[in-house]
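What follows is a set of notes on a single structure, which appears directly below.
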Amino acid sequence: MFLRIARSFVFIIISVVILGGGFFAGIYSYDYYWQWQNRQDLRNLVKSYEQARKNEEARKMADTFGGKTPQETLQMFIEAVEAGDYELASKYFVESKREEWRNSLNSTAKANKIDNFLQPIKLINKNINNNKDIPTNINNYYTIREPILVEFILYPNGIWKLTEI
Amino acid sequence: MQFIVKNKIFLYLFFLAVLTSLSFLYFFNSSNAYEDKTTHPAITDEIVDFYNLFYEPRITDEQKEWIVQGSKDEDIYPRWMNHYYDPIYNAGWQGEQSGYLPDWFVEGGARALVADKKPVSSLDWMRNQELQTSYKEFGGNRTWDRAIYEMAVKNNEREAYYTLGFILHLMEDATVPDHTRNDSHAPGIGGDEGSPYEQYADQFTRENFNVATDLRNAGYKPMEKNTIDYYLHSLALYSNKNFFSKDTVLDGKYENPKIIKEDSNYGYGIDSFNNKFKLVFVDKQWDDIKYQYVNIYRLGNKNEPVVLSDYFTLLSR
């Protein structure tokens, strides 16, 4: 009788230990899996962003629309606008501004205001071509403020792109 | 046990004291989200120097190096996602103003890849041990609470000071308008060319940025606040309400700052401490609705640093 009770007691204890152990092992495993999953997601995130950076860098390297100096790029832009090729003109801008400028130039052309738009830009072009002291590569930016704002940025392939007019 | 408790309180106060010198440096100098190799170490170095001018025991050179290293390492990728805190909307990074990619794409993409965990604000990040623990391979748990624990319970000075450096990095970022006005500025992603303010600040290094003694001589003292959270919140409020970031100039989302005066070259602002400064450049840009050139406002870049220089002078001190 005593042995039966003792056996039952031991059985219960073992069962509790196994069940409890299993329960806590489950919790631990879930927590471990959750942490592993988080780490895995973070690793993927790092890879994705690195890939995005590389892709953008590759697009910049392949972008040949522009000149080796800000002056050259501005001249190309003026010529494209004068030729009515607004698709080409917009390509002298950085990628993030292209669509905006294609629409803007088309809209300006429809309103017969292209001459008003180009007038101060031509003035700038004339002045910078006459000024030999204008630097062409300082910290990858070049900004003209008078009479209007014209801003350039240097791409890694050595091409100057427009960022603002 | 009693020793530990006393020690813990002492250390808590000690760390708060370090932060008071930090907050001072930020309110009265100029800073923002900075380059991890140059600007962060430079500002952290000055924070420690400023602390040492007012408090005992002084932080040793060795301890300072641990702190500076921590301030560099908080930028371990991808911890930066949690370095934004907009005190007006109590928000972390939401992918806004990130070039030509839509906001929902940037933020959503990040969230999907982090097990449904949205990036949190730096205010949350600074204390969120659970989230930081999941960044095990990227610096791990470097919360304020971890710093206190390492010092008070484990008596591990090196880890404590190193972790304090991570906290100082968050404080430093809270003085950068891009970080407090939700202006994403990761160059190379989505066509964003980065933050001109941070690019301007890159030039400051531990060798050429020395302001602690000058500030003390000018009568400035550390600002003391009760909680670590309040330090971060105060700094974020200052940079949010008094300065623009590149893509949030006169953004309707924010009521402040305001241009109080304008001439043909600059728009001027006035900060919470009555400092007047150049807030924006005034330039002319084509308007394809009016079909004429109209005034626009912008911050400039590191080639024309007049406005950014005024920002740095106020934000980094």
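The values are calculated or read from the model by the stated rules, or taken from the named source; none is laboratory data. All figures in this text were calculated on a predicted structure; none of them were measured in a lab. Ideal geometry is used to build each Cβ from the backbone, glycine not excepted, and the neighbour counts take in all protein chains shown.
Read through the list (1) touching a helix residue (DSSP H, G or I) at 6+ places or on another chain (Cβ under 9 Å); (2) over 30 Å from A:Asn140 (Cα atoms), then give the number of the only condition that A:Gln37 fails.
It is condition (1) that A:Gln37 fails.
Only one residue in A:Ile165, A:Ile138, A:Ile144, A:Ile153 is out of contact with any Pro (no Cβ under 9 Å at 6 or more places or on another chain) and modelled with pLDDT under 90. Which one?
A:Ile138
With the structure loaded, tell me whether B:Ser264 is within 13 Å of chain A (Cβ to nearest Cβ) and free of Cβ contacts under 8 Å to residues at least 40 places away in the same chain or whether it fails that test.
yes
Identify the residue in the range A:116-126 that is surrounded by fewer than 14 Cβ atoms within 10 Å (Cβ to Cβ) and modelled with pLDDT under 90 and, among all such residues, is farthest from the other protein chains (Cβ to nearest Cβ).
Filtering the range A:116-126 for residues that are surrounded by fewer than 14 Cβ atoms within 10 Å (Cβ to Cβ) and modelled with pLDDT under 90, the one farthest from the other protein chains (Cβ to nearest Cβ) comes out as A:Lys126.
For a quick check of your reading of the model, give me the residue pairs whose first member lies in the range A:15-40 and is closer than 21 Å to B:Thr133 by Cα, whose second is assigned to a helix (DSSP H, G or I), with beta-carbon atoms closer than 9 Å and at least 6 apart or on different chains.
A:Gln35/B:Thr133; A:Gln35/B:Lys136; A:Asn38/B:Leu131; A:Asn38/B:Thr133; A:Asn38/B:Lys136; A:Arg39/B:Lys136; A:Arg39/B:Glu137; A:Arg39/B:Phe138
Can you find a residue in the range A:139-158 that is of a type in the set (A, V, I, L, M, F, W, C) and part of a helix (DSSP H, G or I)?
For the range A:139-158, residues of a type in the set (A, V, I, L, M, F, W, C) and part of a helix (DSSP H, G or I): absent.
Just to be sure I understand, how many residues within the range B:276-295 are of a type in the set (Val, Ile, Thr), farther than 14 Å from B:Lys261 by Cα and touching an Asp or Glu at 6+ places or on another chain (Cβ under 7 Å)?
Total meeting the criteria: 1.
Is the range B:289-305 home to any residue that is among the small types (Gly, Ala, Ser), within 12 Å of chain A (Cβ to nearest Cβ) and loosely packed, with under 15 Cβ neighbours inside 10 Å?
Checked against the condition, which is being among the small types (Gly, Ala, Ser), within 12 Å of chain A (Cβ to nearest Cβ) and loosely packed, with under 15 Cβ neighbours inside 10 Å, the range B:289-305 yields no hits at all.
Answer yes if at least one residue in the range A:80-98 is within 10 Å of chain B (Cβ to nearest Cβ) and surrounded by fewer than 18 Cβ atoms within 10 Å (Cβ to Cβ), and no otherwise.
The answer is yes, given that some residue of the range A:80-98 is within 10 Å of chain B (Cβ to nearest Cβ) and surrounded by fewer than 18 Cβ atoms within 10 Å (Cβ to Cβ).
Scan the range A:15-31 and give yes if some residue there is loosely packed, with under 12 Cβ neighbours inside 10 Å and either of a type in the set (D, E, K, R) or within 22 Å of the chain's Cα centre (by Cα) (or both), otherwise no.
Yes: one or more hits.
Determine if the range B:200-210 includes at least one residue that is part of a helix (DSSP H, G or I), among the polar types (S, T, N, Q) and surrounded by fewer than 15 Cβ atoms within 10 Å (Cβ to Cβ).
Within the range B:200-210, none of the residues are part of a helix (DSSP H, G or I), among the polar types (S, T, N, Q) and surrounded by fewer than 15 Cβ atoms within 10 Å (Cβ to Cβ).
Sort through B:Phe24, B:Phe54 and tell me the only one that's touching a Ser or Thr at 6+ places or on another chain (Cβ under 8 Å) and either surrounded by 21 or more Cβ atoms within 10 Å (Cβ to Cβ) or at pLDDT 85 or above (or both).
The conditions single out B:Phe54.
Report whether or not A:Phe77 is more than 14 Å from chain B (Cβ to nearest Cβ) and not basic (Lys, Arg).
When the stated conditions are applied, A:Phe77 does not pass them.
Considering only the range B:128-150, how many residues are in a helix (DSSP H, G or I) and either at pLDDT below 95 or surrounded by fewer than 17 Cβ atoms within 10 Å (Cβ to Cβ) (or both)?
Residues that pass the stated criteria total 9.
Testing B:Arg181 on (1) at pLDDT 90 or above; (2) of a type in the set (D, E, K, R); (3) more than 13 Å from the chain's Cα centre (by Cα), one condition comes back false. Which one is that?
(3) is the only condition that B:Arg181 fails.
From the residues in the range B:136-150 that are hydrophobic (A, V, I, L, M, F, W, C) and under 17 Å from B:Gln69 (Cα atoms), which one is nearest to the other protein chains (Cβ to nearest Cβ)?
Among those residues, the one meeting the criterion is B:Phe138.
Check the range A:70-92 and report whether any residue there is outside the structural domain of A:Tyr155 (by TED's automatic domain parsing), over 26 Å from B:Lys136 (Cβ atoms) and without any contact (Cβ under 8 Å) to a residue 12 or more places away in the chain.
no
For (1) modelled with pLDDT of 95 or more; (2) not aromatic (Phe, Trp, Tyr), each residue gets a yes or a no:
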site: B:Glu224; (1), (2): no, yes
site: B:Leu232; (1), (2): yes, yes
site: B:Tyr238; (1), (2): yes, no
site: B:Asp247; (1), (2): no, yes
site: B:Asp263; (1), (2): no, yes
site: B:Tyr297; (1), (2): yes, no
